[in-house]
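A.B. asks: Following this message is one structure expressed as structure tokens.
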Amino acid sequence: MSAPETGPVQGLPDSRLYTFLDEERDFALYFLEGQRLIHDLVLTHAIQGPGFAYFRDAVLSVQPMISLIKRDEQIGFYIDSEDPYFRLKIETGHDGDVRCVLIPEQFREFPAAMHGFVRVLKLFPFDRPPYESVIRADGLALRDIVNRVLRDSYQVHCATLVSERSDQSAMLHQLPPLPGRDDYDFSIDAVRVRRDRIRDEIQGVFGRGLTDGSEIQAAFAAIGWRCIGDRTIQLRCSCSRERMVDNVRLVYTREG
């Protein structure tokens, strides 16, 4: 599904994904300022109430994953839930363009857990075959699904935070140790410890609802994070629709 462009929104700049490093260069933090993105999602989808809240949280949780892929690569994130019944599709790329859909449009709940399959598709340039990962999810909440995809499909040490007060999210990523760091605790437990330690600081930034890039960078600098890059995130499809459809069809053909 390719959403139409909605045009500029007065007072609401394009959403951006920022990459920060801590002073020790042990962790990267990817901060998604997603208020324009979610605004456009509201305008282009008829889903309402708790169903849209689930849709919003899914998009904010998945979108920072593009920080883990290379230029010209794309990812597809699909939930095929049987209980409760719904289909979620999020397709995005390194350049920040995203398209997504949640069906049925009458979906009106925020499930505490779901039962079904989660599919991750990673697309490469130069006609390389896609990477496919299928995970069985029984009784998993959305947060647990995303963290399991990061652990099992991407094989990285990450943890996500989604704001309840503003349309923003963050993903904490532990970096491999620098040479000479023999005592470095490179583990998912170390990520959880760091996430819990900075949770209140990140929630403080969330609570301010900042959209200006200089203010966002200053807010994170004040708590020990240095910005090393950012990119625009927008509800738009710049990929080849035929290529995406062919690769999605390949996933389902393999399953059969």
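A.B. asks: Relative contact order (percent) for the chain, with alpha-carbon contacts under 8 angstrom and 6 or more residues of separation?
C.D. replies: After rounding, I find 27 percent.
A.B. asks: Using the Cα centre of segment 89-140 as origin and beta-carbon charges of +1 (Lys, Arg) and -1 (Asp, Glu), tell me which of Leu140, Val101, Ile90 is placed farthest towards the positive end of the dipole.
C.D. replies: Positive-most Cα among the choices belongs to Leu140.
A.B. asks: Still on this structure: With θ taken as phi - 60° and the coefficients 6.51, -1.76 and 1.60, list the Karplus ³J(HN,Hα) couplings across segment 72-88 in order, rounded to whole Hz; mark glycine and proline as x.
C.D. replies: With the stated coefficients, segment 72-88 comes to 6, 8, 9, 10, x, 10, 10, 10, 10, 9, 9, 9, x, 7, 6, 10, 10 Hz.
A.B. asks: Moving on to the next point. At most 14 other Cβ atoms within 10 Å plus a DSSP loop assignment makes a site exposed; report the longest stretch of the chain without any exposed trypsin sites (Lys or Arg not before Pro).
C.D. replies: Answer - 182-256.
A.B. asks: Now, a different point. Between Asp14 and Arg108, take the C-beta separation as r, use R0 = 22 Å, and let me know the FRET efficiency to the nearest 0.05.
C.D. replies: The calculated FRET efficiency here is 0.15.
A.B. asks: For segment 7-131, what relative contact order do you get, as a whole percent, if you take Cα pairs closer than 8 Å and at least 6 residues apart?
C.D. replies: This gives 22 percent for segment 7-131.
A.B. asks: Suppose R0 equals 35 Å. What FRET efficiency, 1/(1 + (r/R0)^6) with r the Cβ-Cβ distance, do Asp127 and Arg151 give to the nearest 0.05?
C.D. replies: Taking R0 as 35 Å, the efficiency between Asp127 and Arg151 is 0.75.
A.B. asks: In a Gaussian network model over the chain where Cα atoms closer than 10 Å are linked, find which of Asp127, Asp138, Asp22 has the largest mean-square fluctuation.
C.D. replies: Asp127
A.B. asks: Between Leu175 and Ala221, what FRET efficiency follows from the Cβ-Cβ distance if R0 is 30 Å, with the result rounded to 0.05?
C.D. replies: Computed FRET efficiency for Leu175 and Ala221 comes out at 0.95.
A.B. asks: What is the local net charge at Arg192, summed over the other residues whose Cβ is closer than 12 Å to its Cβ (Lys, Arg +1; Asp, Glu -1)?
C.D. replies: For residues surrounding Arg192, the net value is +2.
A.B. asks: Okay, moving on. If you put +1 on each Lys and Arg Cβ and -1 on each Asp and Glu Cβ, how big is the dipole of segment 28-149 around its Cα centre, in Debye rounded to 20?
C.D. replies: Dipole about the Cα centre, nearest 20: 160 debye.
A.B. asks: Okay, next question. Report in % the part of the accessible area of segment 134-246 that belongs to carbon and sulfur, leaving out ligands and nucleic acids; probe 1.4 Å.
C.D. replies: 43 percent
A.B. asks: Across all directions of projection, what mean area in square nanometres is found for the Cα convex hull of segment 20-111?
C.D. replies: Dividing the Cα hull surface by four gives the mean projection, 6.9 nm².
A.B. asks: Mind listing the long-range amide H neighbours of Phe86? Cut-off is under 5 Å, sequence gap 5 or more, other chains count too, H placed in the peptide plane at 1.01 Å from N.
C.D. replies: The answer is Ser81.
A.B. asks: With 22 Å as the cut-off, how large is the P(r) tail for segment 34-173, expressed as percent of Cα-Cα pairs?
C.D. replies: Value for segment 34-173: 34 percent of Cα pairs lie more than 22 Å apart.
A.B. asks: So, one more: Full extension from Asp138 to Ala190: what is 0.36 nm times the residue separation minus their Cα-Cα distance, to one decimal in nm?
C.D. replies: 16.1 nm
A.B. asks: At 1.4 Å probe radius, can you tell me the per residue accessible area of the chain in Å²?
C.D. replies: On a per-residue basis, the chain sits at 48 Å².
A.B. asks: When the Karplus curve 6.51 cos²θ - 1.76 cosθ + 1.60 is applied with θ = phi - 60°, which whole-Hz ³J(HN,Hα) does each residue of segment 209-214 get, with x for Gly and Pro?
C.D. replies: Each residue's phi maps through the Karplus curve to give x, 5, 10, 6, x, 5 Hz.
A.B. asks: With viscosity set to 0.890 mPa s at 25 °C, what whole-number translational diffusion coefficient in µm²/s follows for segment 90-235 from Stokes-Einstein and a Kirkwood radius over Cα pairs?
C.D. replies: Translational D for this selection: 136 µm²/s.
A.B. asks: Follow-up question, since we're still on this one. Gain in length, Asp212 to Ile228, computed as 0.36 nm per residue apart minus the alpha-carbon separation, to one decimal in nm?
C.D. replies: 4.1 nm
A.B. asks: Starting at the first residue of segment 185-200, write each ³J(HN,Hα) from the Karplus equation 6.51 cos²θ - 1.76 cosθ + 1.60 with θ = phi - 60°, in whole Hz, x for Gly and Pro.
C.D. replies: Per residue, the Karplus-derived 3J(HN,Hα) values read 8, 9, 7, 5, 5, 5, 5, 5, 4, 5, 4, 5, 5, 9, 3, 5 Hz.
A.B. asks: Just to confirm the filter: which GluC sites (Glu not before Pro) across segment 23-96 are DSSP coil and have at most 11 other Cβ within 10 angstrom of their Cβ?
C.D. replies: Listed in order of number, the matching sites are Glu23, Glu24.
A.B. asks: Sticking with this one: What is the magnitude of the charge dipole of the chain about its Cα centre, with +1 placed on the Cβ of each Lys and Arg, -1 on the Cβ of each Asp and Glu, and no other charges, expressed in debye to the nearest 20?
C.D. replies: Roughly 320 debye, rounded to the nearest 20.
The values are calculated or read from the model by the stated rules, or taken from the named source; none is laboratory data. Owing to the predicted nature of the structure, the values given are computational and were not obtained by experimental measurement. Backbone-built Cβ (ideal geometry, glycine too); neighbour counts: all protein chains shown. For accessibility, only protein heavy atoms count, side chains too; no ligands or nucleic acids. Shrake-Rupley method; radii C 1.70, N 1.55, O 1.52, S 1.80 Å.
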